[in-house]
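Asks: Here it is, the structure, as structure tokens.
Each reported figure results from applying straightforward, stated rules to the coordinates on display, with no laboratory input. Note that the coordinates shown come from a computational prediction; the quantities given were computed from them, not determined experimentally. All Cβ positions, glycine included, derive from the backbone under ideal geometry; neighbour counts span all protein chains shown.
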6 protein chains.
Amino acid sequence: MYHHIKQLMYTVHIGRPDPRFGNMLLEQFGGANGELAAAMQYSIQGLNCDDPDRKDLLMDIGTEELNHLEVVGTLARMHLKPTKDNRDAAAEDPLISIAGGGGVNLYNSMGNAWTADYLKITGELDVDLRSNIAAEARAKIVYERLINFTDDPGTIDALRFLMTREITHMKAFTAALESMGKPMFSIGRIPPTPGLTDQYFNTSTGVGDRGEPDARGPWNQGGDWQMVDAPAFQELESPRAGTRQTGPVEPLV
Amino acid sequence: MYHHIKQLMYTVHIGRPDPRFGNMLLEQFGGANGELAAAMQYSIQGLNCDDPDRKDLLMDIGTEELNHLEVVGTLARMHLKPTKDNRDAAAEDPLISIAGGGGVNLYNSMGNAWTADYLKITGELDVDLRSNIAAEARAKIVYERLINFTDDPGTIDALRFLMTREITHMKAFTAALESMGKPMFSIGRIPPTPGLTDQYFNTSTGVGDRGEPDARGPWNQGGDWQMVDAPAFQELESPRAGTRQTGPVEPLV
Amino acid sequence: MYHHIKQLMYTVHIGRPDPRFGNMLLEQFGGANGELAAAMQYSIQGLNCDDPDRKDLLMDIGTEELNHLEVVGTLARMHLKPTKDNRDAAAEDPLISIAGGGGVNLYNSMGNAWTADYLKITGELDVDLRSNIAAEARAKIVYERLINFTDDPGTIDALRFLMTREITHMKAFTAALESMGKPMFSIGRIPPTPGLTDQYFNTSTGVGDRGEPDARGPWNQGGDWQMVDAPAFQELESPRAGTRQTGPVEPLV
Amino acid sequence: MYHHIKQLMYTVHIGRPDPRFGNMLLEQFGGANGELAAAMQYSIQGLNCDDPDRKDLLMDIGTEELNHLEVVGTLARMHLKPTKDNRDAAAEDPLISIAGGGGVNLYNSMGNAWTADYLKITGELDVDLRSNIAAEARAKIVYERLINFTDDPGTIDALRFLMTREITHMKAFTAALESMGKPMFSIGRIPPTPGLTDQYFNTSTGVGDRGEPDARGPWNQGGDWQMVDAPAFQELESPRAGTRQTGPVEPLV
Amino acid sequence: MYHHIKQLMYTVHIGRPDPRFGNMLLEQFGGANGELAAAMQYSIQGLNCDDPDRKDLLMDIGTEELNHLEVVGTLARMHLKPTKDNRDAAAEDPLISIAGGGGVNLYNSMGNAWTADYLKITGELDVDLRSNIAAEARAKIVYERLINFTDDPGTIDALRFLMTREITHMKAFTAALESMGKPMFSIGRIPPTPGLTDQYFNTSTGVGDRGEPDARGPWNQGGDWQMVDAPAFQELESPRAGTRQTGPVEPLV
Amino acid sequence: MYHHIKQLMYTVHIGRPDPRFGNMLLEQFGGANGELAAAMQYSIQGLNCDDPDRKDLLMDIGTEELNHLEVVGTLARMHLKPTKDNRDAAAEDPLISIAGGGGVNLYNSMGNAWTADYLKITGELDVDLRSNIAAEARAKIVYERLINFTDDPGTIDALRFLMTREITHMKAFTAALESMGKPMFSIGRIPPTPGLTDQYFNTSTGVGDRGEPDARGPWNQGGDWQMVDAPAFQELESPRAGTRQTGPVEPLV
């Protein structure tokens, strides 16, 4: 059960409203990596969760994100208010202006309605925690970009508060994942096919127009990595059961 | 530049077509965690990428996912073919049947058209790699669930191949992230507010209808963690600059 | 600021899980007239609202709808749980099964992702209250239909609770609108053109295949109503300034 | 059966094309509260309607809205035509310019494609009439905002005509609803739970950052209203059957 | 201006309602190739059209498609009516049942809301006519598939009428395109680069798993065709200005 | 199987980045008639195709369109790069700027996420080829409009290359359709009702506000055409079986 207290988690003060910036702020209100997406992703994962301890974590952070939604919405509301009456302001976001009378709604900076397609919820706890870690990293970088586009001190203060909390959540989700004690690349119950997991398929070759190389790095050499060059043109020699048994390799041209 | 070779990356053979299962398979063709989503996410990240080495990695795996798209699409096509003429089969997926004549299209198992809203692309390389690690984990668990819903050996072989490759990619993306040498919770350039990052807001309290606790764990105790209980009802004592300076705490009821 | 208490607003108990019914229940979780739509519509109207008293009303009911979202989500979760492992159950909602592992997500009964396109928010308080009255009426009838499709006593109890609350909200929104003291058909500030408001355009004529009449009723006769028959074929004689001044009426055939 | 007469319901004349305003006008062409939404909502309600008299009303107004769609589309077309060749004009709506060659399409002012998610159709006549009353109120306020953003006399004339007609429709739908003779808060057939309908849940408490109060008004006091303060923290004493029987109230922190 | 006559363009009679078939019929009501898509595509092209003669054609057929929308909607309504009360029927389309009370709405057979993304409108008349010819061909094959899934004589009669009309429209659009007298492959005003238009890029090579060949046909041999094999691996020798001037061909592996 | 070579099919060079134009370019990257739509439409048609020769054609052109996607994406990336740091540039596309860090994503010029709703895939080969011919015509005109909005020589060169290839594809698809040897208006297997195919329904009559006529042309006169004037008001005399047998024609007003 939710209870609402009228004060914001972070009181916002702004100087002169900046409708263009208000429009940008909507990315964190109704955008793909915004606060509603975070609140819904974690809260619904929590609703589905069978692990009582991490369920609490999901509900804690999901609820906090609802509070952030209020903060960022209030901030955007302040910056967008002039779109109600001022035609130049309205042009920064005609949908907010004409359809919303200058009030915020669950759109992103280009007027796309928020959609649950933004959410990543699988019902597999460790997988969901990985999705959440990535989601927090995305939210952090978006707040940073917003901070870089405004000079208003009150706005910056509020965004810095919100930005910092994403790092807090990232730490908490990481701790929760690690405390599950699962091996790093073990997902679900069916094990991957041994050998095949170590094959790196080099499916993009050559040198790019700007000199982009066909690179080697710890993601395809060293350790157990085995390089498979251009699988489209090779008789694959791996021990994969059931792989195509081609005849002579198709000459390219 | 892409070149297409007519053979599949994994030749598929199936026994008796199973339209219900073919419908389920569409999750990995045109679904949120499916192969088109993977192919597009990585390839477009690669197109935008300024790090030449990891750009190659993104293009390698992006291209491989296109090859998986072909494999899973061919498999789904085989299972869905009866929907063209058979009314019972058609009822498993009337959109594929009536609009598509039994052929596959970029829909998920409930007929939703694929949308780029599924993609997570931020243009911040380490953030994108985290999104990719999570994406691979999601794809793995989806393949596992599909395997659990079929008895057809040829179908299982192909799905197991595809499932295994997700783990390979997860390993490669993880190695690429680690090799960037960034501290674990450092995203972008603006540092989070010290102190505030360590505060855990306990915004969900009490005991649930099924005994769900208000839990403690490494995600909110130990290390630098500082617990803030029910921030909605507390005078927050943390050193956060700019936080609301409330008067007497609002009595709850 | 929101605070979450782990108990549900209405504790749910069900008998045997019924995945088909669980799928239907999603209409009230992630559907067009469901609880998330209600929660978001009222809460965001509240965030934008400049009338402090009715702002409180909007936040009260918006928060209650979040609590309903939890209740209906928990109920759907119970009924859908078998979709994780059971293939027949999975066929009732393959998206929940394959992508969600049997957990709920913000979809409707046919797997459409929730979208803010469902919301009606104009930033004009009396208009928003009318939208809310209609929204509550829609939610009530949807709950009634759901009740008619289950025999499970615990499910019926919970749905009856939720259904009743929609009527409560309908009463509250109606009282709030009436207390504003606006004339019934006065919206905004620009008055409608006198005379033209009273003209009823009879643009659908004749008798239908099943005898449907060209009807008269209090919506087009009595009071100030003036009937304009088939305006497409008439020299309109109304005093509307600027209306087309046609020459001889175009003969029909 | 529809028949089309080439003249517009309201002949439009404009002065100098104003592409920015043309873009705004699309809200009423392909937007959420626009004329296609109105035409489709009423006409499809009419198609489904079993009450022959009100079916005629729905078809009359539905058809009139199609005529409004033509008028507003023609007006937008005139204002947007320069987007075909002029780059500054094109920047006001690049989608109309590049994809549409300066012609209108079923988008709103921010390029979102029209979607049937905008429609409210329940197949319960009195409920649908309530939705229609609210829809007309929304359309009225949107026309008013558009009028406030243009100085062009011909444009204003046409918009004033369209705006007035929404009030006409609002009156007609209200008369149709009242003539059904249903009690004001009676929806469908299953009665709400007595007593519970009169409980107002005060789920948002305290005083906001700008002094927003925890308000009382005719929507929660007087008449039969019974106030339930902060239900998340109270032993609910209401006679609701089946409500949670909690033990000692969970202390908050 | 539209005027509505209550009789259908084709009176429909059905035998026993078949909810599963009714669900399939929605493809032609609110689906991608259905009657609303046709009506809107042609009517809006007509609204934008500067060629007075072909504008009339577009409005004629656009209006006829509205009439078809009524016919197919009425037919679907009849077949879907049992979804209101009957749970087995409801399972064929829970969205129609629960949200719509058994009435039709602008969804396709899998519940996707109609979207203007289905439309192809470019504002270039000859291009639009080509889109329309293709649209009619698609609608024809969809009707044919529907006919193959029902045995009900009245339903078949109505569908055959609608199906036939698509061929009529296809003929009319083709005549209108031909009468414009444009060369077959001349689109717009900027001519294609000579020589380059005749190069066929053979970007898919080899032999497929089921023996699919690297084929020749009138689309890549004879006439002016010039074959460019595997451009990804060749020094392109065509006279295209500005094409990449590669050094030695990148060896494949 | 796809293999990726790092060089672009057409190397792009631009002068000064033009973010406004970069935003427009997105129409051909993630827009309705853009390169991803083309690549997916043809490749998936190819995957489903049972005609081995034309399957090769579909895969050839589908793959080439993937290469075009890379070219146009690289071009847009260059023009949009300043949106990362520059606020004026950011205002041209805040979504690319804030959410994407200046990198491209699968959106159109107004930020709509790419959707498979753009695709036209029926699984009926000749129908699909017609859809493809129309799609190429649309893509050509869009490239032409883009060329008209830039002065940058390198950008124009690349766009001219891409534009020309659309004509090449249009020719190839036309040749493939013609080589199937099907009569021009024969779609599928069920023949249209004789006689009815030749009736032109004149459903839009009169003279428009700007003198638009009720026109005659080869699309409704000559050959076998039979004119049916205003079918809504006529006793239809055509030999259509099952047509409505009306009584006396409904007088209009």
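Asks: So how do F:197-204, D:41-48 stack up, highest first, on mean other-Cβ count within 10 Å? Please list the in-between numbers first.
Replies: Working: F:197-204: 22.5, D:41-48: 25.9.
Peptide ranking by packing, descending: D:41-48, F:197-204.
Asks: OK, next. For B:K84, go through the lysines and keep the ones whose alpha-carbon is under 18 Å away, minus same-chain ones fewer than eight residues off.
Replies: Of all the lysines, those that pass the test against B:K84 - Cα under 18 Å, at least 8 places apart if same chain - are E:K140, F:K120.
Asks: Can you run phi through the Karplus equation (6.51, -1.76, 1.60; θ = phi - 60°) for the range B:15-23 and list ³J(HN,Hα) in whole Hz, with x for Gly and Pro?
Replies: x, 7, x, 10, x, 4, 6, x, 4
Asks: With a ≥ b ≥ c the root eigenvalues of the C-alpha gyration tensor of the range D:8-144, is it rounded (a/c under 1.5), prolate (a/b larger than b/c) or oblate?
Replies: Prolate, since a/c reaches 1.5 and a/b exceeds b/c.
Asks: If you don't mind, another one. Defining a contact as two alpha carbons under 8 Å apart and six or more residues distant in sequence, what relative contact order in percent does chain A show? Walk me through the numbers before you get to the answer.
Replies: Details: 323 pairs, mean separation 46.8, N = 253.
The value is 19 percent.
Asks: Quick check: the distance between the Cα centres of the range E:27-59 and the range F:16-61, to the nearest angstrom?
Replies: For the range E:27-59 versus the range F:16-61, the Cα centre distance is 25 Å.
Asks: Tell me the mean residue ellipticity at 222 nm calculated for chain D from its helices only (DSSP H runs of n ≥ 4, each -39500 (n - 2.57), averaged over every residue, nearest 500).
Replies: -15000 deg cm²/dmol
Asks: In what order do A:I133, B:I96, A:I5, A:I147 fall by count of nearby beta-carbon atoms within 10 Å, going from fewest to most?
Replies: Values: A:I133 22, B:I96 30, A:I5 25, A:I147 18.
In order of increasing Cβ crowding within 10 Å: A:I147, A:I133, A:I5, B:I96.
Asks: Considering only the protein assembly as shown, what is the antiparallel percent among its DSSP beta bridges, to the nearest 5? Could the numbers behind the result be given before it?
Replies: Numbers: 18 of 54 bridges.
That works out to approximately 35 percent antiparallel.
Asks: Per-residue mean of other chain beta-carbon atoms within 10 angstrom of the beta-carbon, peptide A:33-39?
Replies: Per-residue shielding by partner chains comes out at 2.
Asks: Something else about it: Estimate the FRET efficiency between B:D151 and B:D50 by the formula 1/(1 + (r/R0)^6), using the beta-carbon distance for r and 45 Å for R0, to the nearest 0.05.
Replies: 0.40
Asks: I've got another one for you. For the range C:137-233, what relative contact order do you get, as a whole percent, if you take Cα pairs closer than 8 Å and at least 6 residues apart? Let's see the in-between values first.
Replies: Numbers: 57 pairs, mean separation 21.3, N = 97.
Across the range C:137-233, relative contact order equals 22 percent.
Asks: Continuing with the same structure: Specify which residue in the list B:F149, B:M9, B:T63 is farthest towards the positive end of the charge dipole of chain B, using unit charges on the beta carbon of Lys, Arg (+1) and Asp, Glu (-1), about the Cα centre.
Replies: Selected residue: B:M9.
Asks: Let me ask you something else. If I model a spin label as a point 7 Å beyond the Cα along the Cα-Cβ vector, how far apart are those points for C:R210 and B:Q226 in nm?
Replies: Placing both labels 7 Å along Cα→Cβ, they lie 7.0 nm apart.
Asks: If you don't mind, there's one more thing I want to ask. If we count other beta carbons within 10 Å of each Cβ, what is the order of A:V71, D:V228, E:V142, fewest first? The partial results should precede the final answer.
Replies: Values: A:V71 23, D:V228 17, E:V142 28.
Least to most surrounded, the residues fall as D:V228, A:V71, E:V142.
Asks: Using a/c under 1.5 as the rounded threshold, could you call the protein assembly as shown rounded, prolate or oblate? The axes a ≥ b ≥ c are square roots of the C-alpha gyration tensor eigenvalues, and prolate needs a/b larger than b/c, oblate otherwise.
Replies: rounded
Asks: Just to check I understand the Karplus step: with θ = phi - 60° and J = 6.51 cos²θ - 1.76 cosθ + 1.60, what whole-Hz values come out for the range A:153-162, glycine and proline as x?
Replies: Per residue, the Karplus-derived 3J(HN,Hα) values read x, x, 5, 4, 4, 5, 5, 5, 4, 5 Hz.
Asks: Ok, one more. Note down the relative contact order for the range E:86-177 as a percent, whole number, built from C-alpha pairs under 8 angstrom at least six residues apart.
Replies: 25
Asks: Around D:I5, which amide H atoms from residues at least 5 apart in sequence, or from another chain, sit under 5 Å from its own amide H, with H modelled in the peptide plane?
Replies: The list, which skips near neighbours in sequence, is E:Y2, E:H3, F:T205.
Asks: Search the structure for amide H atoms under 5 Å from the amide H of A:Y200, placed 1.01 Å from N in the peptide plane, and list their residues when 5 or more places away or on another chain.
Replies: Those lying under 5 Å, H to H, from A:Y200 are A:Q226, A:M227, A:V228.
Asks: Also, quick follow-up: Treating only the Cβ atoms of Lys and Arg (+1) and Asp and Glu (-1) as charged, compute the dipole magnitude of the range B:69-119 about its Cα centre; round to the nearest 20 debye.
Replies: Rounded to the nearest 20 debye, it is 140 debye.
Asks: Whole-Hz Karplus ³J(HN,Hα) for the range B:146-152, in order, using 6.51 cos²θ - 1.76 cosθ + 1.60 and θ = phi - 60°, x for Gly and Pro?
Replies: Karplus-based 3J(HN,Hα) across the range B:146-152 equals 4, 4, 5, 10, 9, 10, 6 Hz.
Asks: Moving to a separate point now. Choose one of C:T83, C:N33, C:N202: the residue whose Cα lies farthest towards the positive end of the charge dipole of chain C (beta-carbon charges +1 Lys, Arg; -1 Asp, Glu; about the Cα centre).
Replies: In chain C, that residue is C:T83.
Asks: Please get the size of the charge dipole for the range F:27-178, origin at its Cα centre, with Cβ charges of +1 on Lys and Arg and -1 on Asp and Glu, quoted in debye to the nearest 20.
Replies: 360
Asks: About the Cα centre of the range C:1-106, what is the dipole size in debye to 20, counting +1 per Lys and Arg Cβ and -1 per Asp and Glu Cβ, all else neutral?
Replies: So the magnitude is around 560 debye.
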